[in-house]
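Asker: Have a look at the structure that comes next, please.
The values are calculated or read from the model by the stated rules, or taken from the named source; none is laboratory data. Please read all numbers here as calculations on a predicted model, not as lab measurements. Cβ coordinates were reconstructed from backbone atoms using ideal geometry, including for glycine residues, and neighbour counts include every protein chain displayed. Keep in mind that these areas ignore ligands, DNA and RNA; they rest on the heavy atoms of the full protein, side chains included. Shrake-Rupley method; radii C 1.70, N 1.55, O 1.52, S 1.80 Å.
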Amino acid sequence: IQQHQDIHVVMGNEACDLDSTVSALALAYFLAQTSSAPKAAFVPVLNIPRADFALRTETTFLLRDRGIPASSLIFRDEIDLGGLHHAGLLSLTLVDHHVLPGADASLEEAVVEVVDHRPLERERGARCQVTVEPVGSCATLVTERILQGPPGVLDRTTAALLHGTILLDCINLSPAAGKVTPRDVACVSLLEERFPELPARDAVFGALQAAKFDVTGLSTEQMLRKDLKVLSNDEVVIAISGVFEDLEIFLLRPGLLQDMEAFCQGRGYAGLVAMTVSFNERHEPTRKIAVYSRQEPLRATLCRALEEATTPSLLLQPLPSPWPCVAAYAQGNAVAARKKVLPILRAAL
């Protein structure tokens, strides 16, 4: 700010999963190599506090494997986006999301580009470049962008990051998981063609999936924070946590109810939706949902929205729950991942 330097931040969503992280790193690197804006510094920002990074086990694994030290990354609590914007120095590219959370609403006018693979929930102004395409991984859109750019920009490290991310996001390109599209497959093949020394798909996916589902030693609070999204309206804030453990096992954790209460009270959440996922050996997902709130009307509203949803229908079946303030369901529509459920909950609020 003191030197009046323009900063172009590339930032993923606040769950800061592998797709958000790698999309931000790779696109910022590409823009820095190819941009015609000589004054701007291109900065990828991981949209979590640095203290939470250790919980992103698949991301720490892949970056470590590719020789990228955590000390070279910039986290959300290490850059003053509001101050930069106030000084008129901030341009913001959003990857893997396109709606800023309420706390960041003041940054809206700094957004110059969006690259996302979710359905568009709100229109953007004419000066914002929008790429929103229904692919399995946002990293696929970033890969396409880089491959269309000048030859030689894509290096082995970036290729390996993008390759691993698309494989993890698209469940090793397995059609049974319902996430992969022909464009994801094409990008993986192109990366392997350019860099034949990339490790085999099964090995990459197996290592990343094992790292992602490794919750040994995590407290309940850390499990709920590991893959967290937040929704709000004028009155309430609710948390939506991706949990990498079967719901029945999760509900039997010692002290779970007190831990969920403390998690919500400490962060000002009126409710919590835990979406669990596990996979069989054929890469087919099993999904279950728990809805927790001490406020019965809010819990009823969220449950009704999930039960009655039609776009998509989740095909929920009630499961026994150990507590009246927690509703539990098996999700018959196993291909409806969290990005399909978030708009349902947002509409309910």
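Residue by residue, here is whether (1) assigned to a loop (DSSP other than H, G, I, E, B); (2) surrounded by fewer than 18 Cβ atoms within 10 Å (Cβ to Cβ); (3) touching a Lys or Arg at 6+ places or on another chain (Cβ under 9 Å); (4) modelled with pLDDT under 95 holds:
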{"residue": "ALA160", "(1), (2), (3), (4)": "no, no, yes, no"}
{"residue": "ALA186", "(1), (2), (3), (4)": "no, yes, no, no"}
{"residue": "GLU192", "(1), (2), (3), (4)": "no, yes, yes, no"}
{"residue": "LEU208", "(1), (2), (3), (4)": "no, no, no, no"}
{"residue": "GLN222", "(1), (2), (3), (4)": "no, yes, no, yes"}
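Asker: Right, another one. Of the residues ARG64, ARG122, which single one is in the same structural domain as ASP169 (by the TED database), over 15 Å from the mean Cα position of the chain (by Cα), touching a residue at least 12 places away in the same chain (Cβ under 8 Å) and outside any strand (DSSP E or B)? Explain how you work it out, then say what you get.
Answerer: Working: ARG64 fails: touching a residue at least 12 places away in the same chain (Cβ under 8 Å).
Result of the check over ARG64, ARG122: ARG122.
Asker: Further question: Would you point out the residue of the range 224-243, among those that are in contact with a Leu (Cβ under 6 Å, 6 or more places away or on another chain) and polar (S, T, N, Q), that is modelled with the lowest pLDDT?
Answerer: ASN233
Asker: Another question, if that's okay. So ARG50 fits all but one of (1) open to solvent by less than 40 Å² (accessible area, probe 1.4 Å); (2) closer than 19 Å to LYS212 by Cα; (3) in contact with a Phe, Trp or Tyr (Cβ under 7 Å, 6 or more places away or on another chain); (4) not aromatic (Phe, Trp, Tyr); what number is the exception?
Answerer: Exception for ARG50: condition (1).
Asker: Got a number for residues in the range 311-340 being modelled with pLDDT of 95 or more, more than 15 Å from ALA300 (Cβ to Cβ), open to solvent by less than 50 Å² (accessible area, probe 1.4 Å) and aliphatic (A, V, I, L, M)?
Answerer: Adding up the residues that qualify gives 3.
Asker: Filter the range 95-143 down to the residues that are open to solvent by 20 Å² or more (accessible area, probe 1.4 Å), among the charged types (D, E, K, R) and out of contact with any Ser or Thr (no Cβ under 9 Å at 6 or more places or on another chain) and list them by number. Spell out the reasoning first.
Answerer: Of all residues in the range 95-143, those open to solvent by 20 Å² or more (accessible area, probe 1.4 Å) come to 99, 101-103, 105-106, 108-109, 112, 118-127, 129-134.
Those still in the list that are among the charged types (D, E, K, R) too: 108-109, 118, 121-124, 127, 133.
Answer for the range 95-143, where residues must be open to solvent by 20 Å² or more (accessible area, probe 1.4 Å), among the charged types (D, E, K, R) and out of contact with any Ser or Thr (no Cβ under 9 Å at 6 or more places or on another chain): GLU108, GLU109, ARG118, GLU121, ARG122, GLU123, ARG124, ARG127.
Asker: Here's another thing I want to ask about it. Here is a check on your reading of the model: is ASP202 open to solvent by less than 30 Å² (accessible area, probe 1.4 Å), among the charged types (D, E, K, R) and in a helix (DSSP H, G or I)? Outline the logic, then answer.
Answerer: Details: open to solvent by less than 30 Å² (accessible area, probe 1.4 Å): no; among the charged types (D, E, K, R): yes; in a helix (DSSP H, G or I): yes.
Against the criterion (open to solvent by less than 30 Å² (accessible area, probe 1.4 Å), among the charged types (D, E, K, R) and in a helix (DSSP H, G or I)), ASP202 does not qualify.
Asker: Quick check on the range 244-278: of everything there that is part of a strand (DSSP E or B) and either surrounded by 18 or more Cβ atoms within 10 Å (Cβ to Cβ) or among the acidic types (Asp, Glu) (or both), which residue is modelled with the lowest pLDDT?
Answerer: For the range 244-278, the residue satisfying everything is VAL277.
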